[in-house]
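The values are calculated or read from the model by the stated rules, or taken from the named source; none is laboratory data. Everything numeric in this text was worked out from a predicted model, so none of it was measured. Counting neighbours? That spans all protein chains shown, and the Cβs are built from the backbone with ideal geometry, glycine included.
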Amino acid sequence: MRGPAGHRDCPCRGVRVPVPEEQRVLERKLKKERKKEARRRLREAGIAAAPSPAVKRSGAALALEYLCSWAQKREDWRFQKTRQTWLLLHMYDRDQVPDEHFPALLAYLEGLRGRARELTVQKAEALMRELDEAGAGALPPGGTQRARQVLQLLS
């Protein structure tokens, strides 16, 4: 039997017992209060509560993980503009995009459409012109070969 405010009447004593949902809410509140009290005690004792440091991964690691996800598990892969932009900006740098990832990046570039494709071709052409004018030191090591591969692929 339920009484007012969602409580069940306890037949043996006439005491109301909270419904399971209310019990969970009460337990969460108590846990929060206990944590707050523990932090207050630490503060009073002069011990600063060290916040748990969030591990932040670099843009390179996230972009390469994105690329590997695209190459290996396309059903789980989701397009992310920031990761694509990072890859397009750093694809000529072997330190940022290692050689073992470059074939996957070329396969990814095949699927580029629209403005991203146009800009990638324009940038590769500009880098090749810059190389012709300035000499071999204009691009990062290996960038010349990569720029040629990108142009061959997208042109």
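One line per residue, one yes/no per condition, for (1) closer than 26 Å to Ser58 by Cα; (2) at pLDDT below 90:
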residue	(1), (2)
Asp99	yes, no
Phe102	yes, no
Glu110	yes, no
Gly114	no, no
Met128	no, yes
Gly142	yes, yes
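The C-beta contact set for the range 58-69 (first residue at negative phi, second residue of a type in the set (Gly, Ala, Ser), distance under 6 angstrom, 6+ apart or interchain) comprises Leu67/Ala104. When Trp86, Trp70, Trp77 are checked against the criterion of being in a loop (DSSP other than H, G, I, E, B), surrounded by 10 or more Cβ atoms within 10 Å (Cβ to Cβ) and within 32 Å of the chain's Cα centre (by Cα), a single residue qualifies: Trp77.
Taking each residue of the range 72-94 that is within 15 Å of Thr120 (Cα to Cα) and looking for partners that are outside any helix (DSSP H, G or I) and β-branched (Val, Ile, Thr) with beta-carbon atoms closer than 6 Å, six or more apart or interchain, yields His90/Val97; Met91/Val97.
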